[in-house]
Structures are given as structure tokens and as C-alpha cells.
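Enquirer: Got a structure for you, questions after.
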Amino acid sequence: MISSTEYGSHSWELLVTVDHQHEEVQKEFVLRVTGDLHIGGVMLKLVERIKIPQDWSDYALWWEQKKCWLLKTHWTLDKCGVQADAKLFFTTQHKMLRLRLPNMKTVRLKVSFSSVVFKAVSDICKILNIRRSEELSLLKQSEDALKKKKKKDKNSKEPVTEDILNLCDSPVSSGLSGSPGLYSKTMTPTYDPISGTPASSTITWFSDSPLTEQNCSILALSHPNCSPETLAEMYQPRTLADKAKLNAGWLDSSRSLMEQGILEDDQLLLRFKYYTFFDLNPKYDAVRINQIYEQARWAILLEEIDCTEEEMLIFAALQAYHVSKLSLSSEAQDFTCESEVDEVEAALSNLEVTLEGGNTSNILEDITDIPKLADNLRLVRPRKLSLKAIKPYWFVFKDTSVSYFKNKESAQGEPIEKLNLKGCEVVPDVNVAAKKFGIKLLIPVADGMNEVYLRCENENQYARWMAACVLASKGKTMADSSYHPEVHKILSFLKMKNWTMSPQAVSDPESIDMKPECFVSLRYTKKYKPKQLAARILEAHQNVSQMTLVEAKLRFIQAWQSLPEFGLSYYIVRFKGSKKDDVLGVSYNRLIRIDIATGDPITTWRFSNMKQWNVNWEIRQVAIEFDQNVFIAFTCLSADCKIIHEYIGGYIFLSTRSKDQNETLDEDLFHKLTGGQE
């Protein structure tokens, strides 16, 4: 037996502050403890001292100096490293958080501040009924955006009252586990694939969920656009450096909110971080499809991604269509028919293939021989000191290479040049109105990128060659099952662009209740008068007027995916051995080194050619090894290198998903690929 004097010599006093709402009860307690007392014992002693009868199950100890939770209750104070100088807080693990969704609506809900962000986002998505939570993450608003908001609030004569959707009564957000059957095939909430509203069989699901039918409509349906004045007050990136700032605030998925300095009732942005939208289905994904659509819409309106005038009008037409369609949403539920549902599912199937998310049911013709293309095209090579040289040649596309000959008769001999397209950048150079169908190829060479343009005669020829080039850049041939859907997708996008003036449709733009300046970025509201914009949007609208509401959103998403800059997240970096800064673009399948001054791509590296990557945490340097003994290393200047490391690992993790996984994720694998060893 140990005597009381000996026990006293080994014990010491530990100060714990309790976060509770009872004003009459003290908040600071001094406990006498020993180093071999486990964390659970400390909590038990504390609750006995507080003497307030309440549920303490959501409380845990937070170590302020070390910025960490003491969640392993069986660990002793010695093992945790807690000594007499430690300041511990006994506080709730679930706290209120405001989230700005992609549709710019703010929701307020309880979130775990002690779980890693990856798990917290998963819980948030269960509340909001968004499947595939691994595609989303939490983002802190950029400093420039916050400055612009403060300036707007300062200039505003009336106090700004934000419309917040309160979801704090959720079973998940209260610290309890959500319904285990939430994502099962039988209990997943279903939606009308035409209008996106909850199907009648689903209404009962909302009875015990914070996401009532009304709240669900706020998240699953689009709402009228903001005014040009409001748009002008929002932060818009002007340069690549500005775009890099937007991506600096991603939270670390392997650490908790509290560990990253997030406080109760702070506001964060919930965004799709990874641009690989897997297994989209209108029956289950009305909220998810709408939020992807909204993220795309705002990226285009705020010019976070560049597009041509022709493309901007298509986006505007699809948005304008949404507004007019929403006013008829009650009728929209009455004309569901099988053929339309099939069209939406076909569009989704093509969408998945575009993102390498799955196989389609298209029956390929004969794949015993790899198909090839052979046709007359014009070759354009930019020259620095003279005009572009444009010459017709006979082109043959086979495997992942393009060869060209003087004419068809000489195709049996040696080609003038053979271009290997594996790993190249493929950029559309199209103006349908001007009958211009060009393909810009940026082919990696030892000292940068070799720029080549191919000019096609018509839409069909362009679609076949463009699809072949896109697949070849990924190392795939035309025998791949995604070739025909890719051709179909390109043709459908060209068809949307190909409109003609219809006097009946646009004779009186004022008769249509539409504010055209709400549907385009500020650049075009300055360039055209409202009447001119309205007429041009209505011209483009003729090609999309027959689409259902959900299909229009999917078309918008597909058009967004067709933009050359789609899916690129930018960071300012300094490559090892370089004396100047560059921009690094991170996409779902490649890294691109970009000249910060001109915006031109310098080199592309594909993830499929990557052998390994690691981070030197002492000097914050990312090092990557590719095939053929290619090594690159860089330090990140616009953000923590952990963000880029997580991006690379995250995209590789998402490429391992398959539909037969029954929607369960290997969270340990995600943390192995993205966590790092700091």
C-alpha cells in the first residue's frame, strides 16, 4: 500500500475550464491528478466536481497549447504528455457551423469539431442528402473575397441580413449516427428525374429528417439569378495569380476543424473540390446535380473559368431556360414519360464516361482491329516572325498518333511527320457561326510544348477527330468504349451552339420576362446593351427549349466540362532550379506547368505516368517521379504544400472507385494517400 504522503508527492494540480451555459456555476476547476490517471478518469473526476445533472456524452478535453483533442480516453496523462502547465478545456465536440453552399445559400447546422474534416464532410453530406461526399470539402474564403465583402457591408446603407437555412435539429448533427439505411438502395430519397422535386414515395422520408420537403427544394432547385449590381460586388479573379488565391483555403482533410482554428459559428464554403462526378443519377442526386450546376454557373458568371462569347450565350440560354421552367415547375411534374427519362439517363451515362467514371452500354462495332481515321485536314503551324502557315495534308490517325502525308496516294510511304499525342493538351478552337472547326494540340517536347493546329471541314469530321485526340491524350485508342459517347457529346454541344435567327422567336425580346444581364458575366454586360443580349440569348435558347429541367442542368454541366480550363485548380509554385515563379494547374488526370505571365502551358505530366511522389516537410517541397526518369520538384508559394499533396492523393484515391463497392469508402486508403507524415 502507498501512504497518503507518498501519493501526494507524485500528484499535481491540473486546471480545466468547462464550457457550459450555467452562469451560476464556476467554469474553472483545479483537479489533483497523477501522471498514470487516464483521460477518462480525468473526465469522470471533472463531472463529479461540476455537479450539474446533464448529458455530458458529447463533451471531450481540448488541449489549447497543443491545439489537439484528447480523444483516446484509455491513454494516461503521461502518455499524452499532459503536465501541470497544460490548459485543458472540457467542451462539446459538436458545434454550430455556417456553410455557404455552391448555390450561395447558407445553412447552419451542428458539425463535429473533433472528427477529421473528411468524416465531418461525410456527415454534412448525409444531412444535405448529397451522395459521394468524398468529392466535396470545406474551403476558407480568400482574403480578397473577404475584403470585398467587408467593403460592400461598409457601403451598404441598410444592415445586411443573410437568409440562413437552419438545420440544427438534425440527428446526425446532434452527435447521433444518421439512419443506417440512408444510402441503401431501398431507403435513398428519390426524385422526379424530370423536375428534380422529391418523388411522392419519398415524402415520408422527410418526416423525421431536418431536410424537410421545403428545405430540400431550396437545395435541389435553382432560383432566380442575382442582379448585375450584386454580381459586381462579388470577388472576381482577374489573373492566374488571383485564381490561385481561391484555392489556398482548402482545409486539411486529415485534421479536425478545431485543430485548424475554426471556431463555433464561423462560416466556411462547402464546395466540390475534386472534379470527378461519379455515378450521377437523377433519381437520387437532385441536390447533388443542382449544387454541381450552381458551382459551374457561378464559376462562369464570376469568370473563374474562361469561355468564348458563343459558349457564354449557351450557358446564358440554359440558365434563362431554368428561370422560365421554374415558374412552370408544378406542370413539370405532370408530363413524365419514359422516353424523356431515358434521354436523361443517356446524358448521364455520357457524362460519367467523360469523367472516366464508368462504362456505357454502347455496343462497340468490331474491336479486333484498332479503328483508324484518314481524311484531308489543314495543318496550321504558328510562326513567330510571319503569318501562320496553313497547308492541306492527308492525315491518318491510328493508335494514339497522328501522321500526315503530302496526299492520299503517298500514305503508303513514310509520313512527313508523326505526332504522338499521349500526354498532350487538346484545346477546342471552334466558332460554329463562322464555320471554324479547329483543334489545338500542345504536344510535350524536351524544351516545352510544340503547338499544332488541325482545321476540319465540318462538324462531323471535327467531332470524330476531336474525340480521337482527347482519348489519345489520355493514352486511349478509338477502340475504347468511351470513343462513340465522346463523339456524341461533342456533336450535341456543337448542336447547342448552332443556332439561326428566328424572327418569330426574337421579334420582341421585351415581351419575355428576362433580364439578360443576370445570365452573363460583367464583361458581356459592358459589351452589349440589354436588348442585344436578350436577342442573342433567345437565339441560343431555341436549341435547348425542349429539354427537361434536370436535362438542362446536365447539359450545362457537360458544356462546363467541355471548356479547356475545366477542373483545373491553380497554385503559384517555384520549380527546383528555376529563378521565377510559375503556375501549377492540378486536374483530375494531370499536372500542368503554366507561364504565369502569358498563361500558356509549358509542360504537362499525367498521373498515369507517375511512379511516386513525396513531400519533404522540412523545406515544404513536393517531389514527383514519372516514367522515363522524369523528376520534378517544387515549393508552393500561394498555399501550404499539403494542399497540393492532398489534391494529388485525392484524385488517385477517387480513380479507384467502382460501382460494385456499394458506396462504401476505404477511408484508411484516403488518409494514406493524402495524409502525409509531417
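Enquirer: Considering only the stretch 56-71, how many residues are of a type in the set (D, E, K, R), open to solvent by 90 Å² or more (accessible area, probe 1.4 Å) and at negative phi?
Expert: 1
Enquirer: A follow-up question, please. Answer yes if at least one residue in the stretch 304-316 is farther than 25 Å from Lys515 by Cβ, modelled with pLDDT of 50 or more and either assigned to a helix (DSSP H, G or I) or among the aromatic types (Phe, Trp, Tyr) (or both), and no otherwise.
Expert: Looking through the stretch 304-316, none of the residues is farther than 25 Å from Lys515 by Cβ, modelled with pLDDT of 50 or more and either assigned to a helix (DSSP H, G or I) or among the aromatic types (Phe, Trp, Tyr) (or both).
Enquirer: Kindly provide the set of residues from the stretch 286-303 that are closer than 14 Å to Arg271 by Cβ and not in a helix (DSSP H, G or I), ordered by number.
Expert: Selection gives Leu302 alone.
Enquirer: Select from the stretch 273-299 the residues that are surrounded by 24 or more Cβ atoms within 10 Å (Cβ to Cβ) and of a type in the set (D, E, K, R) and list them in ascending order.
Expert: Across the stretch 273-299, the qualifying residues are Asp285, Arg288, Arg297.
Enquirer: Another question about this same structure. Does Ala479 satisfy the condition of being modelled with pLDDT under 90, open to solvent by 10 Å² or more (accessible area, probe 1.4 Å) and of a type in the set (Gly, Ala, Ser)?
Expert: No; evaluated as a whole, the condition is false for this residue.
Enquirer: Kindly list the number of the only condition in (1) part of a loop (DSSP other than H, G, I, E, B); (2) under 19 Å from Tyr393 (Cα atoms) that fails for Met478.
Expert: (2)
Enquirer: May I pose another question? It is to be established whether one or more residues within the stretch 34-55 are surrounded by fewer than 13 Cβ atoms within 10 Å (Cβ to Cβ) and in a strand (DSSP E or B).
Expert: no
Enquirer: Please count how many residues of the stretch 410-452 are among the acidic types (Asp, Glu), outside any loop (DSSP other than H, G, I, E, B) and either open to solvent by less than 40 Å² (accessible area, probe 1.4 Å) or at pLDDT below 90 (or both).
Expert: 3
Enquirer: Another question about this same structure. Looking at the stretch 1-29, which of its residues are of a type in the set (Val, Ile, Thr), within 22 Å of Lys79 (Cβ to Cβ) and at pLDDT 90 or above?
Expert: Residue satisfying the conditions is Val16 alone.
Enquirer: Given (1) at pLDDT 65 or above; (2) open to solvent by less than 60 Å² (accessible area, probe 1.4 Å), identify the lone condition not met by Lys119.
Expert: Of everything listed in (1) at pLDDT 65 or above; (2) open to solvent by less than 60 Å² (accessible area, probe 1.4 Å), Lys119 misses just condition (2).
Enquirer: Would you mind telling me which numbered condition in (1) more than 23 Å from the chain's Cα centre (by Cα); (2) at positive phi; (3) small (Gly, Ala, Ser) Ala623 fails?
Expert: Exception for Ala623: condition (2).
Enquirer: Considering only residues that are open to solvent by less than 40 Å² (accessible area, probe 1.4 Å) and either not assigned by the TED database to the domain that holds Ile648 or not hydrophobic (A, V, I, L, M, F, W, C) (or both), which ones fall in the stretch 573-584?
Expert: Across the stretch 573-584, the qualifying residues are Ser578, Asp582.
Enquirer: Based on this model, can you work out whether Glu64 counts as free of Cβ contacts under 8 Å to residues at least 12 places away in the same chain and among the acidic types (Asp, Glu)?
Expert: In short, no.
Enquirer: Do we have Ser481 as in contact with a helix residue (DSSP H, G or I) (Cβ under 9 Å, 6 or more places away or on another chain), among the small types (Gly, Ala, Ser) and touching a residue at least 40 places away in the same chain (Cβ under 8 Å) here?
Expert: yes
Enquirer: So, one more: Given the residues Leu251, Leu270, Leu257, Leu302, which is the only one that is within 28 Å of Met496 (Cβ to Cβ), open to solvent by less than 20 Å² (accessible area, probe 1.4 Å) and touching a residue at least 24 places away in the same chain (Cβ under 8 Å)?
Expert: Answer to the selection: Leu302.
Enquirer: Now for a separate question. Return a yes/no flag: does the stretch 72-84 have any residue that is surrounded by 19 or more Cβ atoms within 10 Å (Cβ to Cβ) and part of a strand (DSSP E or B).
Expert: No, the stretch 72-84 has no match at all.
Enquirer: Still on this structure, I have one more. For the stretch 513-569, enumerate the residues that are part of a loop (DSSP other than H, G, I, E, B) and within 23 Å of Arg271 (Cα to Cα).
Expert: Listed by number, the residues that qualify are Phe519, Val520, Ser521, Ser562, Leu563, Pro564, Glu565, Phe566, Gly567, Leu568.
Enquirer: Going through the stretch 538-557 one residue at a time, which ones are of a type in the set (S, T, N, Q) and open to solvent by 10 Å² or more (accessible area, probe 1.4 Å)?
Expert: Gln542, Asn543, Ser545, Gln546
The values are calculated or read from the model by the stated rules, or taken from the named source; none is laboratory data. The structure presented is a predicted model; accordingly, all values stated were derived computationally and were not measured. Don't worry about glycine lacking a Cβ; one is built from the backbone with ideal geometry, like all the others, and counts go over all protein chains shown. Just so you know, the surface numbers come from the protein's heavy atoms only, side chains and all, with ligands and any DNA or RNA stripped out. Shrake-Rupley method; radii C 1.70, N 1.55, O 1.52, S 1.80 Å.
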